[in-house]
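**Student:** The structure under discussion is supplied below as structure tokens; questions concerning it will follow.
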Amino acid sequence: MIVKNNLRVLMAQHKMNIKDVHEKTGLSRTTISKLYNEESTKIGMDTIAALCTLFNCDVNELLYLEKES
């Protein structure tokens, strides 16, 4: 199993870009960009909390497990 994220989907639903998320959360643009492009290998609890707060979602709406092929 691999951990994936729905950041791209949540951003599209809320009509936000990386700059918007950066300004509203204080997270670095690099962190947001790596998550958006599925390049991140780890994610901090504070990052998860900030994104869930911004998008008013639960962790399972932001992160999910996917079977590796």
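Derivation of every value follows stated rules applied to the coordinates shown; laboratory data play no part. Everything numeric here is computed off the predicted structure, so don't read it as measured data. We place every Cβ from the backbone using ideal geometry, glycine too, and count neighbours over all the protein chains shown.
**Student:** Per residue of region 26-35, in order, report the coupling 6.51 cos²θ - 1.76 cosθ + 1.60 (Karplus, θ = phi - 60°) as ³J(HN,Hα) in whole Hz, putting x for Gly and Pro.
**Tutor:** Karplus-based 3J(HN,Hα) across region 26-35 equals x, 6, 5, 5, 5, 4, 5, 4, 5, 5 Hz.
**Student:** Give the whole-number value, in cubic angstrom per residue, of the convex hull volume spanned by the C-alpha atoms of region 1-62. All intermediate terms of the calculation are to be shown ahead of the outcome.
**Tutor:** Details: hull volume 4.9 nm³, N = 62.
About 80 Å³ per residue, rounded to a whole number.
**Student:** Give me the percent relative contact order of the chain, please, defined on Cα pairs under 8 angstrom at least 6 residues apart.
**Tutor:** On the way: 58 pairs, mean separation 36.8, N = 69.
After rounding, I find 53 percent.
**Student:** With θ taken as phi - 60° and the coefficients 6.51, -1.76 and 1.60, list the Karplus ³J(HN,Hα) couplings across region 8-19 in order, rounded to whole Hz; mark glycine and proline as x.
**Tutor:** 4, 5, 4, 5, 5, 4, 9, 6, 10, 10, 4, 4
**Student:** Gain in length, K24 to E38, computed as 0.36 nm per residue apart minus the alpha-carbon separation, to one decimal in nm? Present the calculation step by step, with values, prior to reporting the outcome.
**Tutor:** Values: separation 14, 0.36 × 14 = 5.04 nm, distance 2.07 nm.
3.0 nm is the gain from fully extending K24 to E38.
**Student:** Hey, another quick one. Lysine pairs in the chain with Cα distance under 18 Å, only those 8 or more apart or on different chains: how many are there?
**Tutor:** Working: K4/K34; K4/K42; K4/K67; K15/K24; K19/K34; K24/K34; K34/K42; K42/K67.
Lysine pairs meeting both conditions in the chain amount to 8.
**Student:** May I ask you to evaluate 6.51 cos²θ - 1.76 cosθ + 1.60, the Karplus curve with θ = phi - 60°, for each residue of region 37-47 and list the ³J(HN,Hα) values in order in whole Hz, giving x for glycine and proline?
**Tutor:** 3J(HN,Hα) across region 37-47, in whole Hz: 8, 6, 9, 7, 9, 8, 9, x, 4, 5, 5.
**Student:** Can you figure out the FRET efficiency of V59 with R8, using R₀ = 25 Å and their beta-carbon distance, to the nearest 0.05?
**Tutor:** On the way: r = 17 Å, r/R0 = 0.67.
E(calc), rounded to 0.05, equals 0.90.
**Student:** Compute the distance in nm between two label points, each set 7 Å from the Cα along the Cα-to-Cβ direction, one at M1 and one at E68.
**Tutor:** Those two pseudo-labels are separated by 1.4 nm.
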